[in-house]
Every structure is written in structure tokens, then in C-alpha cells.
Amino acid sequence: MHTCFFRIASIALLLVCCGGLYAQQATIYGYVYDARSGERLAGASVSIPERSAGTTTNAYGFYSISTNEQADSVTVLVTYIGYTAAIRKVALRASQEIVFRLEAGTVLEEVVVSAKAGTRIQHNTQMSTIGLSPATIKALPAFLGETDVLKALQLLPGIQAGAEGSSGLYVRGGSPDQNLILLDGVPVYNATHLFGFFSVFNADAINGVDVIKGGFPARYGGRLSSVIDIRMKEGNNQSYHGEGSIGLIASKITLEGPIKKEQSSFMVSARRTYADIFMRPILRRQSNGESDAGYYFYDLNTKLNFKMSKKDHLYLSGYFGNDRFSARNDNVYTTGEDKTETGIQWGNATAVARWNHRFSKKLFSNFTANFTQYRFSLFNNATTKTYDPPEEERYSERYFSGIRDWSVKADLDWLPSPAHFIKMGVSHTWHRYSPGALQSTSLSLPVNFSRSEIDNREMDLYIEDDIKINRNIKSNIGLHYTLFSVPERSFSSLQPRVSLLYLLNNNMSLKASYVQMSQFIHLLTNSTVGLPTDLWLPATVKVPPQRSTQYALGWAYDLNRKYEFSVEGYYKSLHNVMEYAEGSGFLSGISNWEDRIERGRGVSYGGEFFIQRKTGKTTGMAGYTLSWTNRQFDNLNNGKWFPFKYDRRHDFKIAVAHNITKRIQVSGDWVFSSGAAITLPESIYMLEGREIIQYGERNSYRMPAYHRMDLSVKFMKQKKKFERAWVISVYNVYNRLNAFYIDMDTEYNHTTGSQKNVLKQVTLFPIIPSISYQFKF
């Protein structure tokens, strides 16, 4: 451990010394804001063309550019997708603070995906990264009229959906638990509503989304496959605004405005489904009041921000969400009555306190304290009464599990010279796991089968430097160190990260990256679909941390700032990946889960092709992925390699948005992918009066290819005091009956009296039209 600290400290000291070589510098620094809302713009490009010097704003809109040559007048250029560029002449004789406020450009140009909002793709050292704006997400066709962040990400190359309609993400052959999903920098452990069909992220409350599939910077750690960094709106500090929508299954509203103009602001966003309100009267009427069932989910996002001084900014934000499904049945007899209620409930809660402080014109800091929690529970309650004699017996059963984190973190952004952008930080997290507890009670006997909670600590330390070696070569080099302590032992990991960029010309570049990642928490996922019965557990002596190594090579090209092209190849190896052993599940693994899982390895490799048109009346993107993903476990499939469940050989996606007029916008997407790998029975025979089913090799068969088209049209109109829009969407336009799963059934021939076993495809979603009403004021 001490050796690792000394290594990282030595690198930091070397960088400090290098920065000190630039003594006679003039520095321009400050913030970039949205002129209308007052929100700080992350990723805006700030440059001095005469000096070939430039940078991008950090996550909080701060920039700093230093040059070694002074001048009476230079041009500072600030650009950001969807905004009018700002140009200012300044005297470069002494360091000075300059604030830029950008005016939003035409909305028509802010409709598509863009890599790093203000940085041209060929100049960005970071590879395998794509950003989504809220306008992008809202422009795409929506499932049941509900815009969804994670479903929008599924349209990107290298990212695949788990099942029909699901919000699950499988990135470059990884499983869902290998995705680090951050909301305002806080991990969210379960990101789905409605049994996986919607994500917990309300698009109206979001300011931007970045997804990183490879070439991870050192500042991120703890997962193997991807980082999905979601940032909430800060809140408008200039004037009060609101927006919302009313859909078929849910409604939402977002309000924002100044607490004190230009000094502080708030944002609050709420969403709730009302399927339970409509379904309950129908079920009660059909069952004469004997049955009742309902499902609902809700989200609440809140954020406050305060400008304490020119150098200090305070943010407070939180997210609270919950899902609940329950079914009740009442039976009344002449001699008594029976009442039963069963259901499932799960939800997330996060809270963040963040303080930004600018120590100097070149040093920016961010101090964070946060909390996150995920819990789910299954319950079953029953009451039996008799009238004569009057007796009552009660029974209840509850299974619950969860994870809770407290964390503190300090991050520094340091720009010592024009050639360096250094980021460094340290964090400490206290994890508490509830692997599972089964409580059972009756009138006379309470029983509690539970595993004690598990506490552990995690410390992370990182340093990275984005280096401009010369005019054509840039590099991002970093180290991430983790110390993970559990009662039995401690694990440590030093993970190098390297990204290189070679600029072939001003419009074209080659990129390469090498990263090592470690994951110290595991997710046990039940084999059944739809239920959030996932158990988060720490690495142990028997189940060590997961590890991955990924190599990537890419080419990027920008054509006239309108079209972007990229090609990437990658190879990723995985170690200590997990699956339940044959016949095991989440309830069977309460007390000794370590003995009910299998450890193995995996490999994923392939190529991704991506093109996008960023501006104009017609915008869009298209991507194709050719990939192979396999797993190997000593005690599964006779030790042979087999395709991962969500291995897809071919995956093609296209999305287009077109503005017919200023009031009418149409959009559509089409997806195609090879069928999912499945295991099917190959023979059935009788042995000692029992039917024996013999299965083939694991995942040796494929379901039919998946393809689907969605369309949407949006009718907008500016009213006197607000803007409204009607959105009509059609999911699965040509009614493709895609397989949700394949089941074995028995088919009878009434003519001959014979029967045979057949495989039948189960389809979940046919063509589904929807309509929603949106408003903004």
C-alpha cells in the first residue's frame, strides 16, 4: 500500500516540477455560462487560435488557458454545440478572469448525439466516449410515450439492450453490474422502473449524459465495462421556468428558478405513474370486490445551488424513487374470512453536498459528501378468521436485501501550463451490504432467518494528466489505486490508464488506449427476467475482485463540422466474473452465497462503426457493431467456452430527426441485432417413471434475429404564455413479433391422439401507439 502511495506521489511531484518550468505566463481563466439560465456549461471549447492554445471547461464550467508569449491583442473563441460562438479580443499582458455567457442557438441544431459537446471528435484525447443532450433524448421516439435516457443509449454502437423493452445495458460484452451509473457523481445501484422497462432518470431533470465504453480516465473506478455519467440541471438563476408532460402511463413536472437572482437557484422534478389508479376499479369490479392489485413508481429529483463568492459554489442535490407492486385477495365465507396480500417493493435514494472552490487561476477544487442506498423487499401477509368460535391467525413473510454507501471525496483540477491538464483526487467510502434476510411470523412463533450485515471500507486515489506533447500528439496518462477492506482481508489494485491521439491533419486523427479496471463488488442476478431480485455483495476470500484489461484502437474524422465518423476496434479480457451455480437462485443463497456461485473468465472483442450528422434540419446517427463475447467456467458447460447470454454477432442501429417546419418534427429509429444465445433441450426420455430433459451445450442456440422500427411526430405551438406540444409515437411500427423467450410446450393431435414436444416463441410487445402532451413555460 505504501509503495503505491509513493509511486503516485512521485508522479505528482514530477508534474509539479514540470509545471514550474513555465514562469513567465499570462493566464486567462473563468467560467462559461448559459446566458438565459445561468447554468455553467461543461465541455465548452475555449481557445486562442493565434497561439494554437485551447482547453475545455471542466464539469463545473471552469477553464484556464496559459501562454508563454504575451501580446497586445489576441482572440479568445468559445464554442458549444447548440450555442452561438463567443469571440472576444483581449490584451494578453497579465493574467485576468473573463466570464463568457453564451446565447442558445437554434433549437433545430441541438437534436443529436455529439462527442464532448464543444470539442471536435478528432481533437479529443478521450476515445470510446459519446455524449447525449436532453434534446437528443427527447427527440427520439419514446416507448409508451415516456422518454428514457438508458433506451437512448441503446442506440449507440457497442451498447446492447438486454431484452425486449428493457432498459438494461450490456456494454462491449459486459454485464449490467459492470456499468458505473452516476447521478451527479453518486452511484445508482438499480436504475430501472416497471420491472426493467423504464429507467429511473427523468429526462426533464437532466442537463447531460456522457457514456464511456473504453479508454477510461483514471478518475473513474470500480467497474469493468462502462461509465454512464448523468448530470442534473442546476436550476435557472435568472427567471422561473417549468416544463412537464402528461402521458398514457405517467406524468411529470419540473420547476426551476432563482432563490436570489444570479446568486442561487433551485430545481425540483417529480414523476409518477398512475396505472394503479386505472386498474384497481376494473379489478375490483370484475372480482366483485374480492381482488385488488396495483403497481406504481415515482421519482423526485431536487437540486439547490448557491454562489457563495466568486471562488466558492455550493450544491445540494438528491434523488428519491420507489416501485411497488402488490396484489390482494379477500374471501368471505359464512363461517369466516381469508385475506392475503403479496408484493414486491424496491427503490433508490441519493443525497449529495458539493463545494467548489477555486484556489487560484490554475487550481480548481471540488469537495463532495454523498449518500446512496438501494433496497428491495418481497412480502406475503395472510389473515384467517373464524366467526364461531371467534379466532384469528396471522402470518407474514418478508425477504429484503440492499446496499448503502456513505462517501467523501476531494478532486483537484490543475492547469500548470499550456501542455498539461492534471486531475487528481482521493475518496473514502463506507459500504454496508444486507445480503438477505427472511423474516417469518405467526401469532405464536416469530422466526428470523438472516445473514448479518457486512461492512467494509474502500479508499480510492487517482492522478491523470492530459498532455499536449506537440502540435500533433496528445496523451492522457493516469493511475487509479484502490484499497478495499473486508473483515477477512484487504484487496488492493493499481490500475494504469493510457490514451494516445495522433492528429493526421486538422480533421482526422488516430487514437489508441490501454486500461486496467478492477471491480470490488459483485451482483448476483437471478436467472428469471423482470424482477429486481439482485443482491450486491463485496469481494471476499472465496470470491475475489473482478478484473479487466481492455485495448482499443480508433480513427476519427470530422467533415466540415457537420459530419463525424469514427471506427474503433477493441479487445477486452475479464477475470473472476460470476454466475449462479446450476439450480441456485437468490433465495437459496441467503446464508452461504459464496458456495452457490461459479467464478470464471470472459473475453469480448469486435469493431464499431459510427457516423452522425450534427447540424441542419435533418440530423441523425447510424452505428454498426461486429462483436464476439464468450465466457468460461470450470463447473459449467463441462468447462468449455460458451457465448455470453447477450452475445450479438451483428448489431445495427439508425436514428434520424427531421424538422419539417418550426412546428413539426418527425423522428424514427430502426434497430437490428442477431438473436440472443439460449440453451435448449435436445432430447427427452423416461427413466424410472420420470421424465428426463437433456439440454445441449450452454447457449448453443440462437433466438430469431431482433429488429424493430419506431416512429414519432411532434406538433409544437407557441402560446401566449407557454409552449405546448403533442407527441404521437408508435413503437414497433410494422408489428415485428420479436421473441422475448422460448418455452417448451406439448402439442396434441386430436385426430391421431398423439402428442409431441414443441418449442414456442413468447412475444411481449406488438405494435404500440401512444400519445403525450408536453408543455413548457
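Rg/Rh for the range 335-440 to two decimals, with Rh computed the Kirkwood way over all alpha-carbon pairs.
Taking Rh as the inverse mean 1/r over Cα pairs, Rg/Rh reads 1.40.
Asn635 versus Ser683, label points 7 Å from Cα toward the beta carbon: distance in nm?
Placing both labels 7 Å along Cα→Cβ, they lie 2.7 nm apart.
Based solely on its DSSP helices, what 222 nm [θ] is calculated for the chain when runs of n ≥ 4 H residues each add -39,500 (n - 2.57) and the sum is averaged over all residues, nearest 500 deg cm²/dmol?
-1500 deg cm²/dmol
When Rg is the radius of gyration of the Cα atoms in the chain and Rh is its Kirkwood radius, what does Rg/Rh come to?
The Rg/Rh ratio comes out at 0.98.
Against the longest principal axis of the chain, how steep is helix 2-19, in degrees 0 to 90 to the nearest 10, with axes from Cα atoms?
On a 0 to 90 degree scale, this one is about 30.
Leaving out ligands, DNA and RNA, and with a 1.4 Å probe, what % of the accessible surface on the chain is carbon or sulfur?
C and S atoms contribute 57 percent here.
Treating cross-link reach as a plain straight distance, find the lysines whose alpha-carbon is under 27 Å from the alpha-carbon of Lys339, omitting any fewer than eight places away in the same chain.
Cα-Cα hits under 27 Å: Lys385.
Would you kindly calculate the mean projected area, averaged across all directions, of the convex hull enclosing the Cα atoms of the range 480-580, in square nanometres?
Numbers: hull surface 38.7 nm².
Answer in nm², one decimal: 9.7.
Reachable aspartates and glutamates from Lys614, Cα under 12 Å, same-chain residues fewer than 8 places away excluded?
Cα-Cα hits under 12 Å: Glu109, Glu110, Asp558, Glu564.
Compute the normalised compactness of the range 144-224: alpha-carbon radius of gyration over 2.2 N^0.38 Å, N being the residue count.
Compactness ratio reported: 1.06.
Rounding to the nearest 20 debye, state how big the charge dipole of the chain is about its Cα centre with +1 on each Lys and Arg Cβ and -1 on each Asp and Glu Cβ.
For this selection, approximately 3060 debye.
Sorted by average packing, counted as other Cβ atoms within 10 angstrom per residue and highest first, what order do 134-145, 242-253 take?
134-145, 242-253
What are the ³J(HN,Hα) couplings of the range 727-734, residue after residue, when phi is run through the Karplus curve with 6.51, -1.76, 1.60 and θ = phi - 60°? Round to Hz, x for glycine and proline.
Each residue of the range 727-734 in turn: 10, 10, 10, 10, 8, 6, 3, 9 Hz.
What FRET efficiency comes out for Gln694 versus Thr763 if R0 is 35 angstrom and r is the Cβ-Cβ distance? Round to the nearest 0.05.
For Gln694 and Thr763, the calculated efficiency is 0.80.
Quick check: convex hull of the Cα atoms in the range 194-265, volume per residue, rounded to a whole Å³?
That works out to 137 Å³ per residue.
Using only the alpha carbons of the range 614-749, determine the length spanned along each of the three principal axes and report them from longest to shortest in whole angstroms.
80, 38, 26
Under 22 Å between alpha carbons, and skipping anything fewer than 8 positions from Lys89 in its own chain: which lysines qualify?
Lys89 reaches Lys361, Lys362.
Quote to one decimal, in nm, the extra length available between Phe320 and Leu77 on full extension: 0.36 nm per residue of separation minus the C-alpha distance between them.
In short, 83.5 nm is gained.
Longer than 26 Å from Cα to Cα, which of Lys562/Lys721; Lys213/Lys562; Lys303/Lys714 are they? Say none if no pair is.
Lys562/Lys721; Lys303/Lys714
Compute the angle between helix 275-286 and the longest alpha-carbon principal axis of the chain, please, reported from 0 to 90 degrees and rounded to the nearest 10.
10 degrees
Quick one: what are the phi-derived ³J(HN,Hα) couplings along the range 400-407, Karplus 6.51/-1.76/1.60 with θ = phi - 60°, whole Hz, x for glycine and proline?
Values per residue, Gly and Pro as x: 9, 7, x, 9, 9, 10, 10, 8 Hz.
Express as a percent, rounded to the nearest 5, the fraction of DSSP beta bridges in the chain (both residues included) that run antiparallel.
Counting DSSP beta bridges with both partners in the chain, the antiparallel share is about 95 percent.
Using only the alpha carbons, work out the radius of gyration and Dmax of the range 682-777 in angstrom.
24.0, 80
Suppose all protein chains stay in the model; what accessible area per residue would a 1.4 Å probe give for the chain, in Å²?
In whole numbers, the chain has 44 Å² accessible per residue.
The values are calculated or read from the model by the stated rules, or taken from the named source; none is laboratory data. The structure displayed is predicted, hence computed values, not measured ones. When we count neighbours, we look across all protein chains shown, and the Cβ atoms used for this are built from the backbone with ideal geometry, even at glycine. Heads up: the accessible areas ignore ligands, DNA and RNA and are worked out on the full protein's heavy atoms, side chains in. Shrake-Rupley method; radii C 1.70, N 1.55, O 1.52, S 1.80 Å.
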